[in-house]
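Input: a single structure, listed below in structure tokens.
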Amino acid sequence: MEQVLTSIQKRIATVLEVRNLTESTYVLRFERVGLEFKPGQYIVVGLPGSREKREYSIYSSAVLPYLEILIKEVDTGDVSKKLKRLIPGETVEIEGPFGYFVLDGHKIATNDFLFIASGTGISPFHSFVASYPQLNYTLLHGVRTQNEGYEKDDYDINHHILCTSREDKGNFHGRVTDYIKKHPVDPLTLCYLCGNSEMVDDAYRILEKQGVPPAHLHAEIYF
Amino acid sequence: MKYHLITLGCQMNLSDSERVITVLNDMGLTRTEDEEEASILGIVACSVRQKAIDKVYSRIYKWNKWKRKKPLLTFVSGCILPADKEKFLKTFDIVFHMNEVPALPEMIKQYGIVTPMSLQIATNESNIDSFWKISPKHNSSFEAYIPIQNGCDKFCTFCAVPYTRGREVSRPSEEILTEVRNLVLQGYKSITLLGQNVNSYGFDKNGKEIQFHELLMQIGEFGRTSGKQFWTYFTSPHPRDMNKEVIDVIASYPVLAKQIHLPLQSGDNMVLIHMNRKYKLEEYREVVHYVREKLPTATLFTDIITGFTGETEEQFMNTLRAVTEFKYNMSFTAIYSPRPGAVSSRWIDDVPHQVKKQRLHILNDEVEKSSFEYNKSLMGKTLPVLVINKDRKGEYTMGLTEGKINVRFLSSNESMIGKFVNVKITSAAEFSIAGEPVLAEILEESK
């Protein structure tokens, strides 16, 4: 299995930018403060000294001098609301990186990848694509409406398929699971799934039925 | 002045208690098993288990009633969720994170005052080094548990440990090795290295500490050069980090016990994803195959949860098939119950209790079969056994094989307790074997 990086060191990082993508979704950029990570890993983020913290996949490239996370503000979530109110110059406390949802370094240049995301589950894939320019990938992003296709210009237009379930304005009208049912996946493709539990469950089963072996299926659920 | 200490939880909590006992004894206090004669009443608990927390509340309710009649000091520590800590602050005199044990004497001295120390939200790295430096008062003269790591960063959805004990921190290897050497030289025969994910030992130090297989290798080398006979166990490893190096090292040294505890939790990949276990059944299978290849005599133990949120009949059947395939000697099978603070506690606990229970029985029956088969295969063999105690009636002497199979044999020789004895196995049951001690019974004194 791929070795990952991990650290329990708590770091205080200065916020550099809060970038609103939709009314409820934003990108928080802050100093990297020496944190090394593998694309796909996550960090634990909160306000300095606060007990309330949440895990967020790193959205930015591993080669940039700052870190970004993609956050959807949720009604019941204290952390996502507090982080949204931050302004440049204020600080966050971060821990990590953690997690194993990473690409096998030996396969990056040789294999085809299928990334399936729902909502902010696109975050680790954004980091993959930004960190590994040589990746041969297809990204399916499942959202409700077209405006939730977060920063889609960051992806190769030929490799990014926005699946919109509530309006016919993306590349495909329907869920990502509808898309893969209509476009069966080559079992040799390495498939990475990230997002809500329902999407991951359904997509996993469909891909299994299509003959994708478990070794080619990787999933991370956003809880 | 006497104190009474209750431990509610796992081996890690027991190990924590041993250090609390050292600190209290060093203050000149005397431990008593009779809570009514104690002036200080303490609990080391695991607040990730609801049953343990229920017991804490029941106990403190009683103790607080006693406080109306006599002066008492109460404290609680262990794996405590932040929410529970806040509640405990209202009912106990002192509430502290286990890392703060070195400061317990100061807190007791300030009894009656809510100290900044006891109100502080513990950070994982705060006092963990000084906590580890406390020499524990071991409950046994031949079996010892040594913490090698604190906390967990695997974030399994059914578990609250990352939120109670914080992130993984590895104890300095030199301290661990010194403790192992000292215990073995004192005559300890069974050493268990403890941690939430022992085989990710050293990962948090990013190259500045040896890794788990190297730690085992150094213990193995100590065993080889000292000529001492002892068995080294570890619990729990995480299948994700169970690499071939660990298994190869175990195969190379006799003092590294041929017993592997490899928590499966579920045999269904989708359930494993929901549990955030970070391995698939196929990867787990590879580890088991390698264990069977390199350690053919090893026993295999596991942990399984039945009825995890959303577990379907088909998914349970995948677990049953895995249990049949892996032929465990023992499974610590638990019915799923949401643990406060764990991610899964936010999900609907949708598998009926009766179904969970039924699944547990089915799995246990399957493990019973494979364990019985293994035990029967031991008949006629002569095995070294670490003698643990006499049975309740005093008729039999009880011990454990290297693979932690319970053994009983007829003997009135109490001097065997804590020593290795060769036992010829004459009969087998589902989870135990029986035999007769062979001549030249006590083995290790010549070592």
For peptide B:161-169, how many partner chain Cβ atoms fall within 10 Å of a residue's Cβ, on average?
2
Extending each Cα 7 Å along its Cβ direction at A:Thr22 and B:Gln358, get the distance between those two points in nm, one decimal.
4.2 nm
Per residue of B:149-155, what is the mean number of Cβ atoms on other protein chains within 10 angstrom of that residue's Cβ?
3
Would you please name the trypsin sites (Lys or Arg not before Pro) within region A:53-112 that are DSSP coil residues with at most 11 other C-beta atoms within 10 Å of their C-beta?
A:Arg85
Full extension from B:Thr32 to B:Glu395: what is 0.36 nm times the residue separation minus their Cα-Cα distance, to one decimal in nm?
127.8 nm
Amide H of B:Phe332: which non-local residues (sequence gap of 5 or more, or other chain) have their own amide H closer than 5 Å, using H built in the peptide plane?
B:Thr302, B:Asp303, B:Ile304
Would you be so kind as to list the residues of region B:189-234 that have their accessible area lowered by at least 30 Å² in the full protein complex compared with their chain by itself (1.4 Å probe)?
B:Phe203, B:Asp204, B:Asn206
Relative to chain A, whose Cα atoms define the longest principal axis, helix A:197-209 and its Cα axis are tilted in degrees, nearest 10, by 30 degrees
Could you give the distance between the Cα centres of region B:39-84 and region B:345-368, to the whole Å?
30 Å
Please report the net charge: other residues with Cβ closer than 14 Å to the Cβ of B:Ile210, K and R +1, D and E -1.
-4
Around B:Asp350, under 11 Å between beta carbons, what's the net of Lys plus Arg minus Asp minus Glu among the other residues?
-1
Hey, got the Cα dimensions of the protein assembly as shown along the principal axes, in Å, largest first?
84, 62, 50
Of every hundred units of 1.4 Å-probe accessible area on region A:112-221, the number belonging to carbon and sulfur atoms, as a percent, is 45 percent
Classify region A:10-98: rounded, prolate or oblate, from the alpha-carbon gyration tensor (a ≥ b ≥ c, eigenvalue square roots; a/c under 1.5 rounded; otherwise prolate if a/b is larger than b/c)?
rounded
When the charge dipole of the protein assembly as shown is computed with +1 at the Cβ of Lys and Arg and -1 at the Cβ of Asp and Glu, the Cα pointing farthest to the positive end, of B:Tyr188, B:Asn199, A:Pro184, is that of B:Tyr188
Bin width 5 Å, alpha-carbon pairs only: give the P(r) of region B:132-376 as whole percents, running from 0 to the bin holding the largest distance.
1, 6, 13, 17, 18, 16, 13, 9, 5, 2, 0, 0
How long is chain B along each principal axis, judged by its Cα atoms, biggest number first, in Å?
64, 54, 50
Out of all DSSP beta bridges with both ends in chain B, state the antiparallel percent to the nearest 5.
35 percent
Averaged over every viewing direction, what's the projected area of the C-alpha convex hull for region A:128-200? Give it in nm², one decimal, please.
5.2 nm²
Within 10 Å, at most 15 other Cβ atoms, and a DSSP state outside H, G, I, E, B define an exposed site. Report the longest part of chain B free of exposed GluC sites (Glu not before Pro).
B:34-394
For B:Glu106, put the label point 7 Å out on the Cα→Cβ axis and report which residues of region B:14-47 keep their amide N under 19 Å from it.
B:20-28
Give me the percent of the accessible area of chain B that comes from carbon and sulfur atoms, probe 1.4 Å, all protein chains in place.
52 percent
For B:Trp347, tell me the accessible area in Å² from a 1.4 Å probe, rounded to the nearest 10.
60 Å²
Just how far, in whole angstrom, is region B:389-428 from region B:290-321 if you go by their alpha carbon centroids?
29 Å
Calculated FRET efficiency for the pair B:Ser427/B:Ser140, C-beta based, R₀ 25 Å, to 0.05:
0.35
Tell me the per residue accessible area of the protein assembly as shown using a 1.4 Å probe; a whole number in Å² is fine.
42 Å²
Looking at the P(r) of region B:382-446, how many percent of alpha-carbon pairs lie beyond 19 Å?
18 percent
Within 10 Å of each Cβ of B:269-280, how many other protein chain Cβ atoms are there on average?
4
May I ask you to compute the full-extension gain from A:Leu188 to A:Ile87, defined as 0.36 nm times their residue separation minus their alpha-carbon distance, rounded to one decimal in nm?
31.8 nm
How much of the DSSP beta bridge set in the protein assembly as shown is antiparallel, as a percent to the nearest 5?
45 percent
Pick from A:Gly96, A:Gly77, A:Gly46: which is most flexible by mean-square fluctuation in a GNM of chain A where alpha carbon atoms under 10 Å apart are linked?
A:Gly77
Once R0 is set to 35 Å, what does the formula 1/(1 + (r/R0)^6) return for the Cβ-Cβ distance between B:Ala83 and B:Lys244, expressed as a FRET efficiency to the nearest 0.05?
0.25
Go ahead and set up a Gaussian network model of chain A, Cα springs under 10 Å, then flag whichever of A:Thr189, A:Thr76, A:Thr22 fluctuates most.
A:Thr76
One would report the antiparallel percent of DSSP beta bridges in region B:382-446, rounded to the nearest 5, as 85 percent
With springs connecting C-alpha atoms under 10 Å apart, model chain A as a Gaussian network and identify which of A:Gly170, A:Gly89, A:Gly40 has the largest mean-square fluctuation.
A:Gly89
Taking the Cβ of A:Val15 as the centre, find all other residues whose Cβ is under 14 Å away and add up their charges (Lys, Arg: +1; Asp, Glu: -1).
+2
DSSP-assigned coil residues among trypsin sites (Lys or Arg not before Pro) in region B:157-218, each with at most 12 further Cβ atoms within 10 Å
B:Lys208
Estimated dipole of the protein assembly as shown in Debye, rounded to 20 [Cβ of Lys and Arg +1, of Asp and Glu -1, Cα centre]
1640 debye
Point-to-point label distance, A:Val74-B:Asn206, nm (Cα→Cβ direction, 7 Å offset):
2.9 nm
Simple SL model, points at 7 angstrom along Cα→Cβ for B:Lys62 and B:Thr22; separation in nm is 3.0 nm
Which number comes out as Rg/Rh for chain A once both Rg and the Kirkwood Rh are worked out on C-alpha atoms?
0.96
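The values are calculated or read from the model by the stated rules, or taken from the named source; none is laboratory data. Note that this is a predicted model, so its numbers are computed, not measured. Because the Cβ atoms are built from the backbone with ideal geometry, glycine has one as well, and the counts that use them run over all protein chains shown. The protein model used for the area step is the full one, side chains on, heavy atoms only, and it has no ligands, DNA or RNA in it. Shrake-Rupley method; radii C 1.70, N 1.55, O 1.52, S 1.80 Å.
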